[in-house]
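> Got a structure for you, questions after.
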Amino acid sequence: MATYQTNAVVLKREDIFEADRLYHLYTEDFGKVKAIAGSVRKINAKLTGHLEPFNLVWVELMTKKGGDLFITTALSEISLLENNASPNLISLFVKMSDFALKMLKGQEKDKAMWDFILENFIKAREVEAGDPFLNDYKSGFIKIMGFGGNLEEAEYYLSDFYML
């Protein structure tokens, strides 16, 4: 069993089994990963508050038999989405996260993408109208992926390639 330590942005969480959650993370050192945190839905779980969506966290990941990743430790550094966020801002964060999860297909370290995602989640806190910002985010995202900023072409290519 190997352990890894890295910074990550919590993009999404899903309840699985009785008390566990599956977390979709974008990490600084490994790119997009899915990791399970055991028993985090129990009332006395210590990791729960740290692993809220849109938190920047330091995590320790451990591989177990079969290659599954498990979160053993998590410490939140900052919440990218503030407690008093408006419904429009929450919606923008969810759309940004969903787009990242749709476009990123595997574990691959990418410093430019890490910086871009982190910078844009921080910038989004100051946005009043989400649609122009979201379009700029998507265009910048696919430009880093190598599609030259043409969103329609990237979505067409990726839908064929990945059968989205």
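The values are calculated or read from the model by the stated rules, or taken from the named source; none is laboratory data. As the structure is a prediction and not an experimental result, all values here were calculated from the model. Note that we place each Cβ from the backbone using ideal geometry, even for glycine, and neighbour counts take in every protein chain shown.
> Go through the residues of the range 76-90 one by one and say whether even a single one is surrounded by fewer than 20 Cβ atoms within 10 Å (Cβ to Cβ) and of a type in the set (V, I, T).
So far as the range 76-90 goes, yes, one or more of its residues are surrounded by fewer than 20 Cβ atoms within 10 Å (Cβ to Cβ) and of a type in the set (V, I, T).
> Considering only the range 51-82, state which residues are among the polar types (S, T, N, Q) and under 15 Å from the mean Cα position of the chain (by Cα). Talk me through it step by step, then tell me what you get.
The initial filter retains those residues of the range 51-82 that are among the polar types (S, T, N, Q), namely 55, 63, 72-73, 76, 79.
Within the range 51-82, N55, S76, S79 meet the criteria.
> Return the total of residues in the range 64-115 being in contact (Cβ under 8 Å) with a residue 24 or more places away in the chain, of a type in the set (G, A, S) and not in a loop (DSSP other than H, G, I, E, B).
Within the range 64-115, residues that are in contact (Cβ under 8 Å) with a residue 24 or more places away in the chain, of a type in the set (G, A, S) and not in a loop (DSSP other than H, G, I, E, B) number 7.
> Something else now. Taking V127 as the residue in question, decide whether it is surrounded by 14 or more Cβ atoms within 10 Å (Cβ to Cβ) and more than 15 Å from the chain's Cα centre (by Cα). Show your work before the answer.
Working: surrounded by 14 or more Cβ atoms within 10 Å (Cβ to Cβ): yes; more than 15 Å from the chain's Cα centre (by Cα): yes.
When the stated conditions are applied, V127 passes them.
> Then there's this: Tell me whether the range 59-76 contains one or more residues that are within 21 Å of K95 (Cβ to Cβ) and either touching an Asp or Glu at 6+ places or on another chain (Cβ under 9 Å) or modelled with pLDDT under 85 (or both). Steps first, answer last, please.
Here is the first cut: in the range 59-76, the ones within 21 Å of K95 (Cβ to Cβ) are none.
No, the range 59-76 contains no residue that is within 21 Å of K95 (Cβ to Cβ) and either touching an Asp or Glu at 6+ places or on another chain (Cβ under 9 Å) or modelled with pLDDT under 85 (or both).
> Now for a different question. When you look at E60, is it in a loop (DSSP other than H, G, I, E, B) and of a type outside the set (S, T, Y), yes or no?
On the way: in a loop (DSSP other than H, G, I, E, B): no; of a type outside the set (S, T, Y): yes.
In short, no.
> Which of the residues belonging to the range 1-59 are on the phi > 0 side of the Ramachandran plot and crowded, with 16+ Cβ neighbours inside 10 Å?
Of everything in the range 1-59, those that are on the phi > 0 side of the Ramachandran plot and crowded, with 16+ Cβ neighbours inside 10 Å turn out to be G31, F54.
> Quick one: in the range 13-26, of everything that is in a strand (DSSP E or B) and of a type in the set (F, W, Y), which residue is farthest from F93 (Cα to Cα)? Steps first, answer last, please.
Kept after step one, since they are in a strand (DSSP E or B), are these residues of the range 13-26: 13-16, 20-26.
Among the residues that remain, those that are also of a type in the set (F, W, Y) are: 23, 26.
Details: Y23: 16, Y26: 14 Å.
This residue is Y23.
> Could you say whether any residue in the range 27-38 is in a loop (DSSP other than H, G, I, E, B), touching an Asp or Glu at 6+ places or on another chain (Cβ under 7 Å), more than 30 Å from G146 (Cβ to Cβ) and of a type outside the set (S, T, N, Q)? Please lay out each step first, then the result.
Initially, the range 27-38 is screened for residues in a loop (DSSP other than H, G, I, E, B), giving 28-30, 38.
This time we only want the ones that are touching an Asp or Glu at 6+ places or on another chain (Cβ under 7 Å), so: 38.
Applying the additional criterion that residues be more than 30 Å from G146 (Cβ to Cβ) yields 38.
From what is left, the residues that are of a type outside the set (S, T, N, Q) are 38.
Within the range 27-38 (the criterion being in a loop (DSSP other than H, G, I, E, B), touching an Asp or Glu at 6+ places or on another chain (Cβ under 7 Å), more than 30 Å from G146 (Cβ to Cβ) and of a type outside the set (S, T, N, Q)), the answer is yes, since at least one residue qualifies.
> Any chance the range 41-52 includes a residue that's at pLDDT 90 or above, in contact with a Leu (Cβ under 8 Å, 6 or more places away or on another chain) and closer than 23 Å to F116 by Cα? Don't jump to the end; show me each part of the working.
Step one: of the range 41-52, the residues at pLDDT 90 or above are none.
No, that holds for no residue.
> Something else about it: Is there a residue being modelled with pLDDT under 65, over 17 Å from Y26 (Cα atoms) and in a loop (DSSP other than H, G, I, E, B) anywhere in the range 151-158?
Scanning the range 151-158, I find no residue that is modelled with pLDDT under 65, over 17 Å from Y26 (Cα atoms) and in a loop (DSSP other than H, G, I, E, B), so the answer is no.
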